[in-house]
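The values are calculated or read from the model by the stated rules, or taken from the named source; none is laboratory data. This one's a predicted model, so the numbers in the text were calculated from it and none came from an experiment. Every residue, glycine among them, receives a Cβ derived from its backbone with ideal geometry; neighbour counts consider all protein chains shown.
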Amino acid sequence: MQPTHVGLILFNGLIWTGDEQLPHAEALAVNNGRIIAVGSSAEIKRDYSSDNYIDLQNKRLLPGLHDSHMHLIGTGMMLRTVDLVGCKSISELSGRFLSFEQNREQAEDKKESFLIGRGFLQDEFIEARMLDRNDLDAISAERPVVAVRACGHVLVCNSKLLRMVGIYKGFGQVAGGEIGYDSDGEPNGILSELAMDLVYALMPPPSEAEIKDAIKKAAAECQRTGITTAHTNDFGSKDWDLYHRAFAAVASEGDLKLRLNHQILFDKPEDVVSFVSWRKEHASAYGLDPEYFCYGPVKVMCDGSLGGRTAALSEPYADAPDTCGVAILKREMIVSILNEAYSHGFQLCGHAIGDAAIIDLIEAIGEVVPPEKRPAARSRVIHAQITTPGILKRMRELHIHCDIQPPFVATDYAIVASRVGREKAVTSYAWATMRHMGITTSGGSDAPVEPLNPFYGIYCTVTRQTAAGEPPGGWLPDECLALEEALRLYTYDGAYAAGNEDIVGRIKPGQYADFIQLDRDIFDIPHNEIKEIRVLTTWVGGEIVYKNAHEI
C-alpha cells in the first residue's frame, strides 16, 4: 500500500498531545492546515510521505496555547506609553515619565499633548500610599499627565487634566464610578471605573494606523510566546468599522496568523441590537477569515479590581471600611444586556472580581439562560477571584465556566487578606477547588494587566508564587494545579470555553495544525524554570508563523 502524500511531516519529537486517547507521540502528519495523523515516527513515515519533513530533534512539542481573556490592542498600545510596571516607589515612577519624555519625539503642541503611563501597583511603593495629583504635578504642571494602575480600573491625573475635565471641589460623583477627594474636599486626581471616561473623552482616539500597528505588534508577541488562539476584548459599543478595517488591513498583509475570538463589551441592551444590525449589513464586507476572526461572547463589566478597591464586595473592605467597591452595572441592567445578547445567539460572559459582582452576574445568567440550556451555553465569569463555598456551589448548579488569570495570584496574594479579611481570602482564587467541584476553567493573562507570556501563567498555576518565588511553598498551596492540569488550562480548556474543542486545543487528527516547539522539556525541569521556557517555533494551520532564530 502506497503511503499517503501530505503537506508536512514532523518526526522525532516529544509530543504532548492533550488527547486522553493518545497523550504522547513522536510524530504527526499535516495536510491543508489540519492534523491528519499522530503516532510514532516509524508509523507516520510508513503511512505518509511528504516533500516537507521537519526533524523535531527530540524537542518538546505542545498544542498551540490559548489565552482565554486578554486585550490584544491594549497590549500593543502599551508599547506606546510609559511603562510603569514594577515601579517600587513614586520617585521611580516619576523618573520613568521624565526619561520617556526625554527620549520621545517632540509633539506638535507639547503643552496639550498627553503624557500617559500604565502598569503601577501602589501596594508595591515604598511610600506605602496611593499616587495623587500632586505627584503628577511634579512631572508636569503644564501638560496633562495620566498614570493608569496595572488593572486598568483606576487612573491618576494631574491638576492640569483635572481643570481640562472640569472637576473641581464640589463636583460630586458619577454613576458607576468614583472620583477621589482629599480632606479639604479638593479632587485628588484619583478616578476609577466610569469616572475615568471623563478623562478618556478628552484624549485623542487612536487612529486606524495606530490600531493596526498595535494589532501587529501584539499578534507577533502572541506568536513569539506560543499563543495561537486569543480570546480578546478590543471593542464594544462603537467604532465597529474602524476596528474591522484595522483587523482587515493586518490580515491582508498576512500578519494575522492568530485565531481571535472577540469578546464584545456592551453597557446597554440597545447597543447589542445596533451591533447585530451592523454585523448583518457590514461585517462581511471586510472579508475577515472566520478561522482567524470570529465573534465570541457578549461581555458585561460588573465591577473593578481588588487592588484598586473597586471590586464590588458584599461587605466593606477590611482596610477601607467606608467602601464596598464599585458595582458598575445594577443587576437589572446586567439581565437586560445579557437577555438581548442571548436572544441573538451570543454566548454570555462578564467581568466580575468581587463576591457581590460575581453573585449579580451568575444570578443574571441564571435568569436569562433556561435550565436545560445551561450546560451547552458555557456562560462565563471572567476573573472570579473573591469567592465563597456558597458562590462556588451556585456556579456549579448554573454550569458556569470561569476564565481565570493565574498571574493574579502572584500580584495579589500579599493584599487579599488585608482587602477582604482572612476568612474570605482562604476561599478565593480557588482554582483547584473549582476543578474538583466540576466547575470548568480556562487560563489567560488579561494582558496588558499581567504579562502576556503563558509560561509565566503556567508557572503561577503550579506554584502560586511570584517570579521571585514568594511566598515560600506558594500561597494557599492546596489550590495549585498539577502540570498537566495547567497545560490543559491553556490548551483544551481554552478551546472548550469558546465551544471550539473539536477543532483546536489538542494535537489530534481533524484539528487545526496549531502547535509549538519548546527550547526545553516542560515535563523534565523544576517548576521554577517553567517561566523561563522559550518557544523555538510556532505553527498555525501548519504554517510557521514564528521561529526563534537565536535558539535554533
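Selection of segment 249-266 for residues being acidic (Asp, Glu) and modelled with pLDDT of 95 or more yields only 253. Scanning segment 519-552 for residues that are assigned to a strand (DSSP E or B) and among the hydrophobic types (A, V, I, L, M, F, W, C) yields 535, 536, 539, 540, 544, 545. Can you tell me which residue in segment 187-205 is surrounded by the fewest Cβ atoms within 10 Å (Cβ to Cβ), limited to those that are touching a helix residue (DSSP H, G or I) at 6+ places or on another chain (Cβ under 7 Å) and either part of a loop (DSSP other than H, G, I, E, B) or not aliphatic (A, V, I, L, M) (or both)? Looking at the filtered set, the residue picked out is 202. Testing residue 268 on (1) among the charged types (D, E, K, R); (2) surrounded by fewer than 17 Cβ atoms within 10 Å (Cβ to Cβ); (3) under 18 Å from the mean Cα position of the chain (by Cα), one condition comes back false. Which one is that? Looking at each condition in turn, residue 268 falls short on (3). Annotation note: of 43, 20, the sole residue that is closer than 20 Å to residue 493 by Cβ and surrounded by fewer than 21 Cβ atoms within 10 Å (Cβ to Cβ) is 20. For segment 115-147, the set of residues classified as of a type in the set (Val, Ile, Thr), closer than 20 Å to residue 182 by Cα and under 25 Å from the mean Cα position of the chain (by Cα) consists of 146 only. Picking from residues in segment 316-354 that are of a type in the set (Val, Ile, Thr) and either without any contact (Cβ under 8 Å) to a residue 60 or more places away in the chain or surrounded by fewer than 20 Cβ atoms within 10 Å (Cβ to Cβ) (or both), the one that is nearest to residue 237 (Cα to Cα) is 334.
Is it true that residue 163 is surrounded by 18 or more Cβ atoms within 10 Å (Cβ to Cβ), out of contact with any Gly (no Cβ under 6 Å at 6 or more places or on another chain) and of a type outside the set (Asp, Glu)? Considered against the rule, which asks whether it is surrounded by 18 or more Cβ atoms within 10 Å (Cβ to Cβ), out of contact with any Gly (no Cβ under 6 Å at 6 or more places or on another chain) and of a type outside the set (Asp, Glu), residue 163 comes out as no.
Of the helices (runs of 4 or more DSSP H) lying entirely inside segment 76-186, the ones with 3 or more residues being charged (D, E, K, R) are found at 90-103, 133-137. When 234, 123, 137 are checked against the criterion of being more than 24 Å from residue 68 (Cβ to Cβ) and at pLDDT 95 or above, a single residue qualifies: 137.
Yes or no, residue by residue, for (1) at pLDDT below 95; (2) among the basic types (Lys, Arg); (3) assigned to a loop (DSSP other than H, G, I, E, B):
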| site | (1), (2), (3) |
| --- | --- |
| 372 | no, no, no |
| 375 | no, no, no |
| 385 | no, no, yes |
| 396 | no, yes, no |
| 415 | no, no, no |
| 434 | no, no, no |
| 452 | no, no, yes |
| 485 | no, no, no |
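For (1) touching a residue at least 40 places away in the same chain (Cβ under 8 Å); (2) buried (at least 20 other Cβ atoms within 10 Å of the Cβ); (3) within 22 Å of residue 354 (Cα to Cα); (4) aliphatic (A, V, I, L, M), each residue gets a yes or a no:
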{"residue": "127", "(1), (2), (3), (4)": "no, no, no, no"}
{"residue": "136", "(1), (2), (3), (4)": "yes, yes, no, yes"}
{"residue": "139", "(1), (2), (3), (4)": "yes, yes, no, yes"}
{"residue": "152", "(1), (2), (3), (4)": "yes, no, yes, no"}
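Residue-level check: of (1) outside any strand (DSSP E or B); (2) more than 19 Å from residue 517 (Cα to Cα), residue 69 misses just (1).
Outside the structural domain of residue 193 (by TED's automatic domain parsing), of a type in the set (Val, Ile, Thr), in a helix (DSSP H, G or I) and crowded, with 21+ Cβ neighbours inside 10 Å, is that true of residue 381? Considered against the rule, which asks whether it is outside the structural domain of residue 193 (by TED's automatic domain parsing), of a type in the set (Val, Ile, Thr), in a helix (DSSP H, G or I) and crowded, with 21+ Cβ neighbours inside 10 Å, residue 381 comes out as no.
Answer with yes or no whether residue 237 is on the phi < 0 side of the Ramachandran plot, in contact (Cβ under 8 Å) with a residue 24 or more places away in the chain and not β-branched (Val, Ile, Thr). It is true that residue 237 is on the phi < 0 side of the Ramachandran plot, in contact (Cβ under 8 Å) with a residue 24 or more places away in the chain and not β-branched (Val, Ile, Thr). Taken together, 40, 50, 68 contain a single residue that is under 22 Å from residue 502 (Cβ atoms) and outside the structural domain of residue 404 (by TED's automatic domain parsing), which is 68.
In segment 391-439, the residue that is farthest from residue 312 (Cα to Cα) out of those that are among the β-branched types (Val, Ile, Thr) and in contact with a Cys (Cβ under 8 Å, 6 or more places away or on another chain) is 439.
Looking for something touching a helix residue (DSSP H, G or I) at 6+ places or on another chain (Cβ under 9 Å) and either aliphatic (A, V, I, L, M) or more than 30 Å from residue 320 (Cα to Cα) (or both) - is there at least one such residue anywhere in segment 87-99? Yes, there is a match, as at least one residue in segment 87-99 is touching a helix residue (DSSP H, G or I) at 6+ places or on another chain (Cβ under 9 Å) and either aliphatic (A, V, I, L, M) or more than 30 Å from residue 320 (Cα to Cα) (or both). For segment 473-483, filtered to residues that are out of contact with any His (no Cβ under 8 Å at 6 or more places or on another chain) and part of a helix (DSSP H, G or I), the residue that is nearest to residue 380 (Cα to Cα) is 479. Can you name the residue in segment 283-315 that is of a type in the set (Asp, Glu) and surrounded by fewer than 20 Cβ atoms within 10 Å (Cβ to Cβ) and, of all such residues, is farthest from the chain's Cα centre (by Cα)? This residue is 315.
Among the residues in segment 270-291, are any touching a residue at least 24 places away in the same chain (Cβ under 8 Å), of a type outside the set (Val, Ile, Thr), touching a Lys or Arg at 6+ places or on another chain (Cβ under 9 Å) and part of a strand (DSSP E or B)? No, every residue in segment 270-291 fails to be touching a residue at least 24 places away in the same chain (Cβ under 8 Å), of a type outside the set (Val, Ile, Thr), touching a Lys or Arg at 6+ places or on another chain (Cβ under 9 Å) and part of a strand (DSSP E or B). Within segment 248-265, identify whether any single residue is among the hydroxyl-bearing types (Ser, Thr, Tyr) and not in a loop (DSSP other than H, G, I, E, B), and answer yes or no. Looking for residues that are among the hydroxyl-bearing types (Ser, Thr, Tyr) and not in a loop (DSSP other than H, G, I, E, B), one finds at least one in segment 248-265, hence yes. Every residue in segment 1-12 that is touching a residue at least 60 places away in the same chain (Cβ under 8 Å) and either in a loop (DSSP other than H, G, I, E, B) or among the charged types (D, E, K, R) (or both), please. Answer for segment 1-12, where residues must be touching a residue at least 60 places away in the same chain (Cβ under 8 Å) and either in a loop (DSSP other than H, G, I, E, B) or among the charged types (D, E, K, R) (or both): just 7. Check 492, 546 and return the single one that is within 16 Å of residue 259 (Cα to Cα) and over 20 Å from the mean Cα position of the chain (by Cα). From the options 492, 546, the qualifying one is 546. Restricting segment 480-515 to residues that are crowded, with 21+ Cβ neighbours inside 10 Å and of a type in the set (Asp, Glu) leaves a set whose member that is farthest from residue 426 (Cα to Cα) is 514.
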